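Chemist: I have a structure I would like to understand better, so I am pasting it below and will then ask my questions one at a time.
The values are calculated or read from the model by the stated rules, or taken from the named source; none is laboratory data. Predicted, not measured: the structure shown is a model, and the values here were computed from it. Glycine also receives a Cβ, built like all others from the backbone with ideal geometry; neighbour counts cover every protein chain displayed. Accessible surface is based on the protein model in full, side chains and every heavy atom, while ligands, DNA and RNA are left aside. Shrake-Rupley method; radii C 1.70, N 1.55, O 1.52, S 1.80 Å.
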Amino acid sequence: MSTAEPTPTPATEPTPTTPPTPQPEWRHLHPLSPLLKGGIAFVAVLAYIVSQQADSFFGAQRDDPTNGHLGWAAVGVLVVLLGIIAGAWVSWRFSRFRVGDALIELRTGVLFRQHRQVRFDRIQAVDLGRPLLARLTGLSEVVVQSAGGKDSHLKLSFLTDAQAQQVREQLMALAGRSDEVAANPAAATSHHASAAGGSEWGGAQLTDEDYADLPAPPPVGQPILAIPNLRILQSILYSGPGLVIALAIPALVVSIALGVPEMVAWLGPMTVAVGSSHLKRLTQECNFELLHQGDRLRIRHGLTDLRTTTVPLHRIQAVEVSQSLPWRLTGWWRIQVNVAGAGAGGDDVTQTVLMPVGNREEALRVLTLVHPGIPRGAALAALEGDGPAEGFVTTSTRARSLDPLSWRRQGYAVLPEGLLTRRGGWYRAAQFVPHARIQSLKVEQGPVQRRRGVATVRLMSTVGPVSPVVAHLDEPEAVRLLAEQVVRSSQARQRA
Amino acid sequence: MSDAPNNQSPSPHEVRLFGDTGMPWRPVSPKLATARLLVLSVFLGPLLVALLVLAALVWKGFWVGVLLVALALATGAWLIRRQVPAITWAEGEEELVVRRGRMFRTLVSVPYGRLQFVDVQSGPLERRFGMATVELHTASPQSGGQIPGLPTAEAEALRERLAARGESQRAGL
């Protein structure tokens, strides 16, 4: 594909002295977007009117809330509606975005103007989301995540599906490249080729005309995982709370049927409370697919709110493979990652799940995809092994009483590329953090630990579900890990 | 591999969880204890006086309150006296290390290359005592270290050194 391109666009070869390239045009979002954003309110007003009309249709004049001033009420509602539409139109007029040479910019607001820009080399991941309402109208939103924390996302909501796909492709191509150029000039050429190969639009500055009505690009990438929905359902049921629900619902049905109000009174709320969180997880993890494309992973999931998250592989800060006790029976594992910027907000927890449920082979496949440097033996030892095999340093017998179940397992192993930690006798978990990605190290020692001469070492990663820790190492071992890791991390950073 | 040659090298600046050996550990200003005691007494002092007055004039039951507050004051003062000297920090070749705590000890090692930014804060009380708090921020919000109660000049110098070192060893996320 890259050979077919006649000339690279100016943006593909950033030179130190930036030539005065014409700035790309500001583009508008889709005109329907304000209505979709305020969707619920709009639908509510509409539904209210319709229900009122329906009442009068069926000739029910029982309770007219307007006391006969139906005409005035209709005018009032119309004014409100017009006001909403006018407001929506103005807000649409004033929100514009553009994808420039080095950054993406978004301007919003009429009275309180906001101008947000994200540099390409700071993009951590790009999300494509389709909430239910947007899905019905064929629109998508693009969420650009940077590492600035909870409120640092740049959200383009909404664009048409095709536009959204293209903006995503464009951003990912540009983001990957500018990062690599900055980090490693030698590898830039080869990387550029792969980036251009992955996307026909790499670096091109598209205007509205280019979009016209291009079909959405086919889902590119090599499928790594596709989890059947049945297994997702099972995986959620095979958990402590899932089991509770499975027992509680028949019990609830029976107690309703027999008319035992006391039973319903306490069983009902409990089921709803436990069930809703699991239902949310179910709807988020349904239709799960993991695709690998060049240097990035693409995660697709969601029942009503279909989301596609694209994460560059080199932006993954840490990875964890875990297995709860009920999953031991089925041999299932779950893989979560830390990506800077993702998962900082409460609602986007599933962006950090690379594999909601999968067997050991699938887990190993994903693990080696994320970090090819983990040998199979070490990975297996981390998942299921114990003792000092494969270079693991574990808790000594002195701390046996502190961890009667897991003292044999919990420990760490040094691999050329990163640190592998494992823990848990019942709830098994193994984490891998590349040396260069360890933010800082923390050693903790409480009074009991001091008496035993052990200490806990925490490897600090960015915000996310993965927090690697090696508990109860012998004090000299903890100090040795600390001292050596500082050197390893520093060397790894300089190599990167 | 990177780690092989360093396995056995006896570093002159060995990190120790406790004690004064190894790295050049530096204490924080002893005035920090005074400042913290002052804060403690500002909070508990008026309460103690009020309870004393109430106990003497209104009802004898308030003596229990007096006793409790006095106990809290004494415990707090003892803790501060013990904890402040336990805060030590050292600059290594690659990292800045901060230790704190006596009962529950923690040691944070922040590599210079991982520093995103450094805060030097100084509230009115700290300014009065000529101290500042240096806070180290990495990309992980939980991981940064904090050195309270540094003499202002030392805090500024540390910030300068950290900025220079961060610049030379900088790495992306």
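Chemist: Considering (1) more than 19 Å from the chain's Cα centre (by Cα); (2) modelled with pLDDT under 85; (3) open to solvent by 10 Å² or more (accessible area, probe 1.4 Å); (4) not polar (S, T, N, Q), say which one A:ARG107 fails and leave the rest.
Modeler: Result: A:ARG107 fails condition (2) only.
Chemist: Same structure again: I need the strands (runs of 3 or more DSSP E) fully contained in the stretch B:54-173, keeping only those with at least 1 residues that are within 14 Å of chain A (Cβ to nearest Cβ) and free of Cβ contacts under 8 Å to residues at least 60 places away in the same chain. Let's see the steps before the verdict.
Modeler: Working: elements: B:88-91, B:95-100, B:105-111, B:117-121, B:131-137, B:146-151.
Fully inside the stretch B:54-173 and qualifying: B:95-100, B:105-111, B:117-121, B:131-137, B:146-151.
Chemist: Something else: Condition first: part of a helix (DSSP H, G or I) and either hydrophobic (A, V, I, L, M, F, W, C) or open to solvent by less than 10 Å² (accessible area, probe 1.4 Å) (or both). Now tell me which residues in the stretch A:272-317 satisfy that. Don't jump to the end; show me each part of the working.
Modeler: Let us first name the residues in the stretch A:272-317 that are part of a helix (DSSP H, G or I), namely A:272-285, A:313-315.
Within the stretch A:272-317, A:VAL272, A:ALA273, A:VAL274, A:LEU279, A:LEU282, A:GLU285, A:LEU313 qualify.
Chemist: Test B:ALA35 against the stated conditions and say whether it is crowded, with 16+ Cβ neighbours inside 10 Å and either in a strand (DSSP E or B) or not β-branched (Val, Ile, Thr) (or both).
Modeler: Details: crowded, with 16+ Cβ neighbours inside 10 Å: yes; either in a strand (DSSP E or B) or not β-branched (Val, Ile, Thr) (or both): yes.
So B:ALA35 fits the description; yes.
This table checks each residue for (1) farther than 29 Å from A:TYR427 by Cβ; (2) in the same structural domain as A:ILE335 (by TED's automatic domain parsing); (3) at pLDDT below 50; (4) assigned to a helix (DSSP H, G or I).
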site	(1), (2), (3), (4)
A:HIS191	yes, no, yes, yes
A:PRO217	yes, no, yes, no
A:PRO241	no, no, no, yes
A:ALA246	no, no, no, yes
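Chemist: Give the residue, chosen from A:PRO404, A:PRO312, that is over 21 Å from A:ASN229 (Cα atoms) and within 19 Å of the chain's Cα centre (by Cα). Explain how you work it out, then say what you get.
Modeler: Details: A:PRO404 fails: within 19 Å of the chain's Cα centre (by Cα).
Only one candidate qualifies: A:PRO312.
Chemist: Pull up the stretch A:318-329, narrow it to residues that are over 26 Å from A:ALA251 (Cβ atoms) and not basic (Lys, Arg), then point me to the one that is surrounded by the fewest Cβ atoms within 10 Å (Cβ to Cβ). Can you show your working first?
Modeler: Going through the stretch A:318-329, the residues over 26 Å from A:ALA251 (Cβ atoms) turn out to be A:318-323, A:328.
If we keep only those that are not basic (Lys, Arg) too, we end up with A:318-323.
Numbers: A:ALA318: 29, A:VAL319: 26, A:GLU320: 24, A:VAL321: 26, A:SER322: 20, A:GLN323: 23.
Ranking the candidates gives A:SER322 first.
Conditions (1) within 14 Å of another protein chain (Cβ to nearest Cβ); (2) under 30 Å from A:GLU169 (Cα atoms); (3) out of contact with any Ser or Thr (no Cβ under 6 Å at 6 or more places or on another chain), marked per residue:
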| residue | (1), (2), (3) |
| --- | --- |
| A:VAL260 | no, no, yes |
| A:VAL264 | no, no, no |
| A:THR271 | no, no, yes |
| A:SER276 | no, no, yes |
| A:ARG307 | no, yes, yes |
| A:PRO312 | yes, yes, yes |
| A:ILE316 | yes, yes, yes |
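Chemist: How many residues are within 22 Å of A:TRP426 (Cβ to Cβ) and out of contact with any strand residue (DSSP E or B) (no Cβ under 9 Å at 6 or more places or on another chain) if we restrict to the stretch A:370-392?
Modeler: Residues that pass the stated criteria total 2.
Chemist: Restricting the stretch A:281-310 to residues that are farther than 25 Å from A:TYR238 by Cα and in contact with a Lys or Arg (Cβ under 6 Å, 6 or more places away or on another chain), which is modelled with the highest pLDDT?
Modeler: A:LEU291
This table checks each residue for (1) surrounded by fewer than 20 Cβ atoms within 10 Å (Cβ to Cβ); (2) not in a helix (DSSP H, G or I).
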residue: A:ALA86; (1), (2): yes, no
residue: A:PHE97; (1), (2): no, yes
residue: A:LEU128; (1), (2): no, yes
residue: A:SER140; (1), (2): no, yes
residue: A:GLN145; (1), (2): no, yes
residue: A:GLN163; (1), (2): no, no
residue: A:VAL167; (1), (2): no, no
residue: A:LEU174; (1), (2): no, no
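Chemist: Taking the stretch A:303-323 as the region of interest, how many residues are more than 28 Å from A:ASP121 (Cα to Cα) and in contact with a strand residue (DSSP E or B) (Cβ under 8 Å, 6 or more places away or on another chain)?
Modeler: Within the stretch A:303-323, the first condition is being more than 28 Å from A:ASP121 (Cα to Cα), and the residues that meet it are A:303-305, A:321-323.
Subsequent filtering for residues that are in contact with a strand residue (DSSP E or B) (Cβ under 8 Å, 6 or more places away or on another chain) retains A:305, A:321-323.
Residues in the stretch A:303-323 being more than 28 Å from A:ASP121 (Cα to Cα) and in contact with a strand residue (DSSP E or B) (Cβ under 8 Å, 6 or more places away or on another chain): 4 in total.
Chemist: For A:LEU70, all conditions in the list (1) over 30 Å from A:ILE49 (Cα atoms); (2) more than 22 Å from the chain's Cα centre (by Cα) hold save one; what is the number of the exception?
Modeler: (1)
Chemist: Here is a list of conditions, (1) surrounded by 16 or more Cβ atoms within 10 Å (Cβ to Cβ); (2) at pLDDT below 85, and A:SER401 meets all of them except one; can you say which number that is?
Modeler: Going through (1) surrounded by 16 or more Cβ atoms within 10 Å (Cβ to Cβ); (2) at pLDDT below 85 one by one, A:SER401 breaks only (1).
Chemist: Kindly indicate which of B:ALA56, B:ALA90 is crowded, with 16+ Cβ neighbours inside 10 Å and aliphatic (A, V, I, L, M). Talk me through it step by step, then tell me what you get.
Modeler: Details: B:ALA56 fails: crowded, with 16+ Cβ neighbours inside 10 Å.
From the options B:ALA56, B:ALA90, the qualifying one is B:ALA90.
Chemist: On to the next question. I want to confirm something. Restricting to the stretch A:475-496 and keeping residues that are modelled with pLDDT of 85 or more, open to solvent by less than 30 Å² (accessible area, probe 1.4 Å) and not aliphatic (A, V, I, L, M), which single residue is nearest to A:ALA429 (Cα to Cα)?
Modeler: Across the stretch A:475-496, the extreme among qualifying residues is A:GLN485.
Chemist: Sticking with this one: So, B:ARG128, is that one within 26 Å of A:GLY453 (Cβ to Cβ) and at pLDDT 85 or above or not? Full working, then the answer.
Modeler: Numbers: within 26 Å of A:GLY453 (Cβ to Cβ): no; at pLDDT 85 or above: yes.
Taking the combined requirement at face value, the residue does not satisfy it.
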